[in-house]
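See below for the structure under consideration.
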Amino acid sequence: MNPFALVVGQSKAVELLSQAVAQNRVAPAYLFVGSHGVGRCLTARCFIELLFTKDLRENASSAPGVSSRFAIIQTKLQKGNHPDVLWIQPTYQHQGQLLTPAQAAEKGLKRKAPPVIRLEQIREVTQFLGRPPLEAPRNIVVLEQVETMAEAAANALLKTLEEPGKATLILIAPSPDAILSTLVSRCQKIPFYRLDQTAMAQVLQQTENQQIMKHPTVLSLAAGSPGEAIASYQQLQAIPPELLTALSKLPNNYRSALELAKQIDQALDTQAQLWLVDYLQQHYWQELHQPSMIQQLEKAKKALLCYAQPRLVWECTFLSMCQASMKF
């Protein structure tokens, strides 16, 4: 089976990585650049499977037990417990522990600041690469959202990229401009692109999320990213129905504006509120086509990113919108 069979709409990336393995010219480091949710992480997993099973595929017709060895490797990769793969995600720090966004959600933690890749995690990468691979032909390190690294962590990673040893590192970022140029210069760039409507529909059907195609605001917000569409739809479902109904139209008086701000502050954490700003920009533009409303929401987003008091931000935003709507 082709490891890249599930990757949709990224033919250039698949071709570059497939040829690298076929010609035994795998680079010490790759930079997967493109929008979130277009298949960068999926492609990384498929690439790792291809690397780890290359010899098995070449000897599939003659060597006994190849099928079972294939299955063992695939199972370990799917469960994320292969001894020669280290997958790094941005983390929150809580009571001396580093938690991924999924782990933080399981514990019910609400964080104001976004997660980041920390110096401690880069030190973990260095330790991991300090030993030879146990089962595979090389060690693999994948770092998601490299753009979240602080300067100290980025400089530590740079030293690792200079002498990776018997390993390949895969850095995942939205664009080369989002990370240090010295990191970019040591990686082979693999481009990823947003999907067209047909490819979007194919991915959403594969992942059993075809109902999203019926939500134009979510699709518009995703802008060709199936992952963003799925995440946005899940976020939409998490908003209380009564709040969503209230948000479907602008408040028509000051009292309702203040009440709506209170409901948002009580029901949603900061990250959910940031998503809500993007959603409302799309929704209000489709419904009202008034640039001033979009500009007010953009100001709200900037204020939330600067850790302003959320309720006050929404009160000011909705009061301004309410005043603007009274003029029309």
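Report yes if residue 246 is under 30 Å from residue 30 (Cβ atoms) and in the same structural domain as residue 314 (by TED's automatic domain parsing), otherwise no.
So residue 246 fails the test.
Could you tell me whether residue 159 is within 25 Å of residue 272 (Cα to Cα) and either in contact with a Lys or Arg (Cβ under 6 Å, 6 or more places away or on another chain) or basic (Lys, Arg) (or both)?
When the stated conditions are applied, residue 159 does not pass them.
If I filter the range 241-257 down to residues being small (Gly, Ala, Ser) and in contact with a helix residue (DSSP H, G or I) (Cβ under 6 Å, 6 or more places away or on another chain), which single residue comes out as surrounded by the fewest Cβ atoms within 10 Å (Cβ to Cβ)?
Ranking the qualifying residues of the range 241-257, first place goes to 246.
Out of 47, 32, 70, 4, I need the residue that is touching a residue at least 12 places away in the same chain (Cβ under 8 Å), buried (at least 19 other Cβ atoms within 10 Å of the Cβ), in a helix (DSSP H, G or I) and not small (Gly, Ala, Ser). Which one?
None of the other options fit; the residue is 47.
Could you check, for the range 110-121, whether at least one of its residues is under 21 Å from the mean Cα position of the chain (by Cα), loosely packed, with under 11 Cβ neighbours inside 10 Å, at pLDDT below 90 and not hydrophobic (A, V, I, L, M, F, W, C)?
Yes, the range 110-121 has at least one match.
Within the range 196-221, track down each residue that is surrounded by 14 or more Cβ atoms within 10 Å (Cβ to Cβ) and closer than 24 Å to residue 87 by Cβ.
Across the range 196-221, the qualifying residues are 203, 207, 209.
Filter the range 178-187 down to the residues that are assigned to a loop (DSSP other than H, G, I, E, B) and either buried (at least 17 other Cβ atoms within 10 Å of the Cβ) or touching a helix residue (DSSP H, G or I) at 6+ places or on another chain (Cβ under 8 Å) (or both) and list them by number.
179, 180, 186, 187
Here is a yes/no grid of residues against (1) in a loop (DSSP other than H, G, I, E, B); (2) free of Cβ contacts under 8 Å to residues at least 60 places away in the same chain; (3) among the small types (Gly, Ala, Ser); (4) farther than 26 Å from residue 19 by Cα:
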{"site": "123", "(1), (2), (3), (4)": "no, yes, no, yes"}
{"site": "136", "(1), (2), (3), (4)": "yes, no, yes, no"}
{"site": "140", "(1), (2), (3), (4)": "no, no, no, no"}
{"site": "154", "(1), (2), (3), (4)": "no, yes, yes, yes"}
{"site": "161", "(1), (2), (3), (4)": "no, no, no, no"}
{"site": "189", "(1), (2), (3), (4)": "no, no, no, no"}
{"site": "193", "(1), (2), (3), (4)": "yes, no, no, no"}
{"site": "221", "(1), (2), (3), (4)": "no, no, no, yes"}
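With respect to residue 284, determine if the residue is at pLDDT below 95, under 27 Å from residue 104 (Cβ atoms) and assigned by TED's automatic domain parsing to the domain that holds residue 222.
It is false that residue 284 is at pLDDT below 95, under 27 Å from residue 104 (Cβ atoms) and assigned by TED's automatic domain parsing to the domain that holds residue 222.
Which residue out of 260, 280 is crowded, with 16+ Cβ neighbours inside 10 Å and touching a Pro at 6+ places or on another chain (Cβ under 6 Å)?
Selected residue: 260, the only one of 260, 280 that is crowded, with 16+ Cβ neighbours inside 10 Å and touching a Pro at 6+ places or on another chain (Cβ under 6 Å).
Look at the range 81-109 and say how many of its residues are outside any strand (DSSP E or B), at pLDDT 90 or above and closer than 26 Å to residue 268 by Cα.
Number satisfying all stated conditions: 2.
Any idea which of (1) among the aliphatic types (A, V, I, L, M); (2) closer than 23 Å to residue 271 by Cβ; (3) loosely packed, with under 13 Cβ neighbours inside 10 Å is the one residue 152 doesn't satisfy?
The failed condition is (2).
Looking only at the range 195-219, how many residues end up being part of a loop (DSSP other than H, G, I, E, B), out of contact with any Gly (no Cβ under 8 Å at 6 or more places or on another chain) and farther than 24 Å from residue 274 by Cα?
2
The values are calculated or read from the model by the stated rules, or taken from the named source; none is laboratory data. Source: prediction; values computed, not measured. Here Cβ is always computed from backbone atoms with ideal geometry, including for glycine, and neighbour counts include all displayed protein chains.
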